[in-house]
1. Within the range 375-392, is even one residue more than 30 Å from Gly662 (Cα to Cα), assigned to a loop (DSSP other than H, G, I, E, B) and in the same structural domain as Arg270 (by TED's automatic domain parsing)?
2. Report whether or not Thr405 is among the hydroxyl-bearing types (Ser, Thr, Tyr) and assigned to a helix (DSSP H, G or I).
3. Can you spot a residue in the range 219-227 that is within 16 Å of the ligand (Cβ to nearest atom), outside any loop (DSSP other than H, G, I, E, B) and surrounded by fewer than 24 Cβ atoms within 10 Å (Cβ to Cβ)?
4. Going through the range 621-639 one residue at a time, which ones are open to solvent by less than 30 Å² (accessible area, probe 1.4 Å) and either within 32 Å of the chain's Cα centre (by Cα) or among the aliphatic types (A, V, I, L, M) (or both)?
5. Do we find that Ser365 is of a type in the set (Gly, Ala, Ser) and modelled with pLDDT under 95 in this structure?
6. If you check Phe209, Phe191, which single one turns out to be within 13 Å of the ligand (Cβ to nearest atom) and not polar (S, T, N, Q)?
Amino acid sequence: MNIKSFPLILTMSILLIVPPCIYAQHKTIDQRVDSLLSLMTLEEKIGQMNQYSGFWEATGPITEQGNKLEQVRNGQLGSLLNITGYEHTHELQEMALQSRLKIPLLFGQDVIHGYRTQFPIPLAEAASWDLEAIELSARIAAIEAAAAGVHWTFAPMVDIGRDPRWGRVMEGAGEDPYLGSLIAAARVKGFQGKGYGNTDAVMACVKHFAAYGASESGRDYNSVDMSYRMLNEIYLRPYKAAVDAGAATVMNSFNDINGIPATANSYIQRDLLKGQWKFGGFVVSDWGSIGEMINHGYSKDCYQAAQQAITAGSDMDMESRCYIGSLAQLVKDGKADARLVDDAVRRILTKKFEMGLFDDPFKYSNKEREKQQWNNPDNLRASRDMAKKSIVLLKNEKQLLPLDTKKKTIAMIGPLVKAVRDNIGFWSYAWPDDTARIVTQFDGVKNRAGKNITLTYAKGCGISDSSKAGFAQAVKIAKQADIVILSIGEAGNMSGEAKSRSNIHLPGVQEDLVKAVCATGKPVIVLINAGRPLVFNWTADHAQAILYTWWLGTKAGEAIADVLFGDYNPSGKLPMTFPRSEGQIPIYYNHFSTGRPPKSETDVNYVSAYIDLPNSPKFPFGYGLSYTTFKYSEPVLNRSTINASEKLQVKVSITNTGNYDGKETVQLYIRDLVGSVVRPVKQLIGFQQVFLKKGETKEITFNIGVDDLKFYDNNVNLVAEPGDFEVFVGGSSATELKKTFTLL
Ligand code: BGC
């Protein structure tokens, strides 16, 4: 029965009583949504498009307090963020059910790298190149969050990051669109599990659409200006991959793209996302981004901002209150099409139905499940496993690592040795018992070292201090030790949202501390903790061993000990290029060929080079060592030409030539030698992880087809052009092992 065919009098009485069974009796979700929509007043529809932050935490500036609870009861709110836990979600949902139509609330939350069990920051996880482990990390985050009543995570963040000054690179998968797309899809699958609607899954929200990571000069919230070709070829790919993987929702971004704020960008949201990509979910604005179009100078006031945002396809307003304040008037004034409101509300209600919230609004918040997932040992084990896999070994002179447990004294020095909350990085939850449950790096090493090892400690200096007063003690214990472990880097909250840095050197006097400790002549192992690539040239050149440990989560201390003592042989590979200097930024491996490439690192003779620095980075994309060594054979191709329907087979043998079993990530790059638009010098198109026992050799095969060779031409069409290609195989983007083939 279609509610629209009801006689007026009956409809009127339904409007007054509205038993929820009216829409519950329909079979399909579409019918139920239509039925419900037909019962709603314009104000109630707009209420569904309105989202506020809760009362306990804020992740942005609160526009005004207002009486949120009253609005929940009046059906003027579709969703809340920053409300978690059985009690809070229950309480709020009960209030929503007092509203006339009893439409349940959606609870959204930034579950970025774990909920109760904190996993490594996403950039660190990306360094594992381990898609299964990354999916599992998102899976566990979803299980824990869903049990606490969260329906919807604002993740994955899939913005390509080519600029380490931008603090939000910590939330993404780095600089590469191919790796980034695979990781984006893995995270969506992890969050959504067997499908949202199951009580162990949350809806994913791909963000920040689009190109937020390209903000000029690495300054957060800044403008983006780039060709549509570049946008499609590099920046849009991970969002598309996430949408194709079934992401339920998308969040737009704070930046403007070529002069139009993403929030009001019809090309991005309507033409591409909801049009060409056939995205059926809804778009939530970023925090206040609708209202911020006034600051952009794109909207005169909230009235205009709401009109521009709805026209461009922004379905839900996070915290700007422009929709709740102006949309009804816009419709009444004929300035906004009521059908656009219906479309937005239909998209939002569809997700609420798909989540099963109309059948059981309390389906997710569950006291028992919440308890079961609290400190769940399986989750903690998975976090430790992910953490080990995320660590990147940058240097290991004279095989200083791994450490053995023979009798010795190890001095642990540095401002992060005994840090607690820093280990879990930005976008993590501060639980009251953090100090008790997060094992510091000192305790991690102490627990693993055994009784033969004497461990000493000195802080040396604070993270950003200018004082060197602690150096003397640090040098003293270094002199008394056999080996030094220095733990240095950023504070956990120095990367993340609104954490852009113009100077990405080690903060404070930390590099001076490294110098003072190295001057003792003792072997020095450095742990660098950070949410972005840092510049640390002196340390890189003088310390004997360096592990890049990012922020590894709840189990950081243990995972670091696992790697230091060789219980896990490091296998991470950098997902971002590490510059020698901020002057090289933006820096990324897949840059275009210039007309004047230098012939060598020192060639400055009217070529595209710096006169004061080599062009090359300090550490390239894809780089990372192991305690063992791997030898690559020359790649062998099964043919020298392929046509559009054929596959090229690339075979390469890898031998473990060192003294430990270990895992290598074998990377496959191509270079299109001549194109109708200039092509990158290298481009990742495949990788495989291979585990090799000491002395073992394995052959790896890659298949390249025409789709792998496609790029966007000047008319933004995806094409593959006949011609010659180089194919590279190796353990990082710096590999020179290559062969040539031709696409006919
Ligand atoms: C961030 C988003 C986040 C939102 C809600 C914004 O400031 O840009 O990534 O999801 O706040 O916390």
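1. no
2. In short, no.
3. Yes: one or more hits.
4. Within the range 621-639, Phe621, Gly622, Gly624, Ser626, Tyr627, Thr628 meet the criteria.
5. Yes.
6. Of the residues listed, the single one that is within 13 Å of the ligand (Cβ to nearest atom) and not polar (S, T, N, Q) is Phe209.
Matching residues to (1) assigned to a loop (DSSP other than H, G, I, E, B); (2) of a type in the set (A, V, I, L, M, F, W, C):
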position: Val206; (1), (2): no, yes
position: Tyr239; (1), (2): no, no
position: Val243; (1), (2): no, yes
position: Ile268; (1), (2): no, yes
position: Leu272; (1), (2): no, yes
position: Lys278; (1), (2): yes, no
position: Trp287; (1), (2): yes, yes
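Here's the yes/no breakdown for (1) touching a Gly at 6+ places or on another chain (Cβ under 8 Å); (2) part of a loop (DSSP other than H, G, I, E, B); (3) among the aliphatic types (A, V, I, L, M):
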residue: Val677; (1), (2), (3): no, yes, yes
residue: Val690; (1), (2), (3): no, no, yes
residue: Gly695; (1), (2), (3): no, yes, no
residue: Asn703; (1), (2), (3): no, no, no
residue: Asp708; (1), (2), (3): yes, no, no
residue: Asn714; (1), (2), (3): no, yes, no
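The values are calculated or read from the model by the stated rules, or taken from the named source; none is laboratory data. Values in this document were obtained by computation on a predicted structure and should not be read as measured data. Cβ atoms come from the backbone with ideal geometry, glycine included; neighbour counts cover every protein chain shown. These area figures cover heavy atoms from the full protein model, side chains too; ligands, DNA and RNA do not enter into them. Shrake-Rupley method; radii C 1.70, N 1.55, O 1.52, S 1.80 Å.
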